[in-house]
Amino acid sequence: MTMLKVANCPNCGKVFQKNLRNLCQDCIDQVHGDFDRCEAYLRGNRKASTEELSKGTGVSAKRIAEFIVSNRLPVAYYPGLTYPCNSCGLPIRQHHLCSSCRIRIVNDIQKMNQQEAKRKERGIGFQIRDRLSR
């Protein structure tokens, strides 16, 4: 006898049988409907921005961003579409971070590595470990 795996839909809270999309059937249908409306709107307005697409279809900007990130609405075909940077929220067309946030993070990592190297040169890191082990 096989036990069915059930869960609460993270979108609406209803109990459903687990599936690959991790949504109940009603929410899956809603996502498909949202995508179909977006795709239909973009057929006539290929250069529409994300805001224009949201206003024209009633689909949330967050849902549109999900479609873009999952490449269901590829930015290569729709030059006006963007989604927010995960760090600062500025509109971007690829990756998870805008270029300024990526540069800032890389610089912060390099600075931390340099500080760690200086600490090791001075022997500070070793003294702390020695004190802890006593």
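Since every read-out is calculated from the coordinates, none of them should be taken as a lab result. These numbers come from a predicted model, not from an experiment. Here the Cβ is made from the backbone with ideal geometry for all residues, glycine too, and neighbour counts use every protein chain on show.
When the residues of the range 27-84 are filtered to those that are in a loop (DSSP other than H, G, I, E, B) and basic (Lys, Arg), which remaining residue is nearest to Asn8 (Cα to Cα)?
Of the residues in the range 27-84, the ones in a loop (DSSP other than H, G, I, E, B) are 45-49, 58-60, 70-82.
Now drop any that are not basic (Lys, Arg), which leaves 46-47, 72.
Details: Arg46: 37, Lys47: 38, Arg72: 25 Å.
It comes out as Arg72.
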Inset, instruction - Take the residues in the range 85-113 that are outside any helix (DSSP H, G or I) and small (Gly, Ala, Ser), then tell me which one is surrounded by the fewest Cβ atoms within 10 Å (Cβ to Cβ). - result: Gly89
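Please verify whether the range 43-50 includes one or more residues that are crowded, with 19+ Cβ neighbours inside 10 Å and not hydroxyl-bearing (Ser, Thr, Tyr).
yes
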